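As structure tokens, the structure follows; a few thoughts come after it.
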Amino acid sequence: YAEAANAWEMYGDYDIARIFYDYTFYILPMANPDVYQISNHGEDPLWYDGILTAEDRHDYSCNGNGANLNRNFPFEWEYAEEGTEPAIAEGKGPYGGSEPETQALMELCAEHYFQWMYSFHNYGHCIFWQDTYNGVIDGDVYLAEGLEEVCGFYLPPATSDPAGYGGGFENWFRAEFGRPGFCVELGLLDYEPSIFISDFEEAIVWENTKYAMLIGTE
């Protein structure tokens, strides 16, 4: 984005220099650095006394405290299906908003009151864009359909079960600010963690998803 803007070149169909003039982007490259170290670099979680197997590392999706950060936000947290005990994938933390990573994202959003938010995840090729608790939010259909068109991903119906959306970042964002929030599952449905190091662009269908952050700026 920055290279194209600096050269006053188009980025695909987007006039990126003009977009940068009109919009400020806040990009957090990695919301869960713990899981990256645990899954890919052999670090051990803080809560775990044993030795993680290769399969456990493959499945690990919590932070170092054993909390799944996308089940830790203080929105319908009590209904989220994961338990409160530390876990490899299914822990939601001892209470909503308990984790420092969660708190950092909440503070960032509160400070800047973003127009919309895209939370990019590793796998799934789908876009979670609405839940029945928050209902329709102004602009969410337009942005969701734009993401669907450019990425070519599945756009499911509104999530209806709080066991599935409780504690979610995008769901909390919608409830807290009344603005569109999305969970965009970028990568492959079936993958090995090493693919995200060796061939990340292929894993996330880069030719399509590289425009995802620009949806809504036309």
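The values are calculated or read from the model by the stated rules, or taken from the named source; none is laboratory data. All figures in this text were calculated on a predicted structure; none of them were measured in a lab. With ideal geometry, Cβ positions are generated from the backbone for all residues, glycine too; neighbour counts draw on all protein chains shown. Each accessible area value is taken on the protein alone, full model and side chains, heavy atoms only, with ligands, DNA and RNA left out. Shrake-Rupley method; radii C 1.70, N 1.55, O 1.52, S 1.80 Å.
Largest GNM mean-square fluctuation among Leu46, Leu108, Leu28, using the chain with Cα springs under 10 Å: Leu28. How would the range 152-191 be classified by its alpha-carbon gyration tensor: rounded, prolate or oblate, with rounded meaning a/c under 1.5 and the a/b versus b/c comparison settling the rest? The shape class here is prolate.
Ranked by the mean number of other Cβ atoms within 10 Å of their residues, highest first, the peptides 171-182, 29-40 fall in the order 171-182, 29-40.
Under a Gaussian network description of the chain, with springs only between Cα atoms under 10 Å, the residue in Gly83, Gly66, Gly166 that fluctuates furthest is Gly83.
Ordering of 139-145, 126-132 by packing is 126-132, 139-145, highest average first (other Cβ atoms within 10 Å, averaged per residue). Computing Rg and the Kirkwood Rh from the Cα coordinates of the range 61-170 gives a ratio, Rg/Rh, of 0.97.
Here is the size of the range 123-167 from its Cα atoms: Rg then Dmax, 10.9, 30 Å. Build a GNM of the chain with springs between Cα atoms under 10 Å apart, and of Ile51, Ile88, Ile16 the one that fluctuates most is Ile51. Between Glu9 and Phe25, what is the label-point separation in nm under the 7 Å Cα-to-beta-carbon projection? Distance between the two pseudo-spin positions: 1.5 nm.
Restricting to the chain, what percent of DSSP beta bridges are antiparallel, rounded to 5? Counting only bridges with both partners in the chain, antiparallel ones make up about 35 percent. At a probe radius of 1.4 angstrom, the accessible area of the chain per residue rounds to 53 square angstrom. Here's the picture: charge each Lys and Arg Cβ at +1 and each Asp and Glu Cβ at -1 in the chain, and of Phe173, Tyr79, Val35 the one pushed furthest to the positive end of that dipole is Phe173.
Can you give the net charge of the other residues whose Cβ lies under 10 Å from the Cβ of Trp8, counting K and R as +1 and D and E as -1? Could you put the intermediate results ahead of the total?
Working: positive: Arg18; negative: Glu9, Asp15.
The answer is -1.
By the helix-only formula, in which each DSSP H run with n ≥ 4 contributes -39500 (n - 2.57) and the sum is divided by residues, the chain has a 222 nm mean residue ellipticity of -8500 deg cm²/dmol. When nucleic acids and ligands are ignored and a 1.4 Å probe is applied, Asp13 ends up with an accessible area of around 140 Å². Once the Cα atoms are used to define both axes, helix 100-112 deviates from the longest principal axis of the chain by about 30 degrees.
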